[in-house]
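A quick write-up on the structure given underneath.
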Amino acid sequence: MNPQWQAFLLTQGASFDAAGRAQFAASDQHSECLLADLSWLGTISAEGADTSELLQGQLTSDVRELSDKHSLLAGLCNPKGRVLACFRLFQTSGGEILLQAPGLRIQPMLKRLGMFVLRADARFTDVSDERISLGLMGENVSAVIASVFGIPAPDNENDVMEHDGMLLARIGADRVQLIVPAARAQACWQQLSQQATPVSSDEWSRRDILAGLPTVYDETSEAFVPQMLNLQRVEAISFTKGCYTGQEVVARMQYLGKLKRRMYIGHVDTDQRPQAGDEVFSPDSASGQGAGKLVDARPAPQGGYDLLAVVEVKSAQADNVHLGSLDGALISLHEPPYGFEEETG
């Protein structure tokens, strides 16, 4: 994290957890607009004449659909079709592509992408300290943006607009992400915090959970194929774009295989905080490898934890999935808001 930005947030009442996420004292989660620091996300800048073509051969989504008006979700897979990282992609009006993922995944992904540059005109750079991401949440988001910046907010999901060197991206009905040059981030926070209540970064991730949007951390890298994370349901996989690393496995799963594990939204009441990669178990599991794994988990306002978990379809349907062991806390599961295709497992 940018040290100047971290020092500034400390003056604004923030503390930081072991993962580098900003935490604020308990506040009204029902405020009409909430403000979160998203600098736990790292950012890769991709530039050069061959950049789009190179990314097209590595990412699961069709990079040709990316523009300065539209963001994309995408997975990066290994040759076995296992997801190394999930990115959200943005493009500036100048053609620069920004790839965002958890900060701890940035250096491994830079190394991975660098393997394919060879003689291509493509440059990948860690600009995490140069671009600060903020998140606005709530029913009053558009009004706050209009008041502070004098512009309308992006209307539709994944819409992007550029204003005075800043990117604004619509993330669902009630969220807008801002990517701000580091030199302007402090002033931007101070302006926004006059009309939006600062909250812990976990709240943004919790709303990703409720939207069924997965994040891949070090603990879950290479644990799942894209369909297990429902990437096909959030337009993060193209089955018509042609070849990319891992494509053969992903396509075979889509057209020939049976998807026996899916990502569900869940809630668990427990005193010990669940972590990405934690195992879940079910007496109805027949795999011998556990019933699944947690993708993410964040504190819920009503207590306990909201979570995403990749779980065997059979075990999820039996409604008898437990955290950590067969004797662990019972997890209540339900399908994400975008629903599933017809069950195949």
- Query: Can you tell me which of Ser287, Ser315, Ser332 is out of contact with any helix residue (DSSP H, G or I) (no Cβ under 8 Å at 6 or more places or on another chain) and crowded, with 17+ Cβ neighbours inside 10 Å?
  - Reply: Ser315
- Which residue out of Ser205, Ser193, Ser200 is in the same structural domain as Val127 (by TED's automatic domain parsing), surrounded by fewer than 19 Cβ atoms within 10 Å (Cβ to Cβ), among the hydroxyl-bearing types (Ser, Thr, Tyr) and touching a strand residue (DSSP E or B) at 6+ places or on another chain (Cβ under 7 Å)? Ser193
- Note on the structure: Per the list (1) touching a strand residue (DSSP E or B) at 6+ places or on another chain (Cβ under 8 Å); (2) at pLDDT below 95; (3) on the phi > 0 side of the Ramachandran plot, residue check on Ser285 breaks on (3)
- Query: Can you tell me which residue in segment 99-119 is farthest from the chain's Cα centre (by Cα), limited to those that are closer than 25 Å to Asp68 by Cβ and of a type in the set (A, V, I, L, M)?
  - Reply: Val117
- Item | Count of residues meeting criterion [in contact (Cβ under 8 Å) with a residue 60 or more places away in the chain and either buried (at least 17 other Cβ atoms within 10 Å of the Cβ) or aliphatic (A, V, I, L, M) (or both)] in segment 77-87 | 7
- Which condition breaks for Gln12 when tested against (1) loosely packed, with under 14 Cβ neighbours inside 10 Å; (2) touching a Phe, Trp or Tyr at 6+ places or on another chain (Cβ under 9 Å); (3) on the phi < 0 side of the Ramachandran plot? (1)
- Specify the residue that is farthest from Asn140 (Cα to Cα); the eligible residues are those in segment 161-205 that are among the acidic types (Asp, Glu) and either touching a Leu at 6+ places or on another chain (Cβ under 7 Å) or not in a strand (DSSP E or B) (or both). Asp164
- Message: Given the criteria touching a helix residue (DSSP H, G or I) at 6+ places or on another chain (Cβ under 8 Å) and closer than 17 Å to Val311 by Cβ, does Ala276 qualify?
- Response: yes
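The values are calculated or read from the model by the stated rules, or taken from the named source; none is laboratory data. Given the structure is predicted, the values throughout are model-derived calculations rather than measurements. Counting neighbours? That spans all protein chains shown, and the Cβs are built from the backbone with ideal geometry, glycine included.
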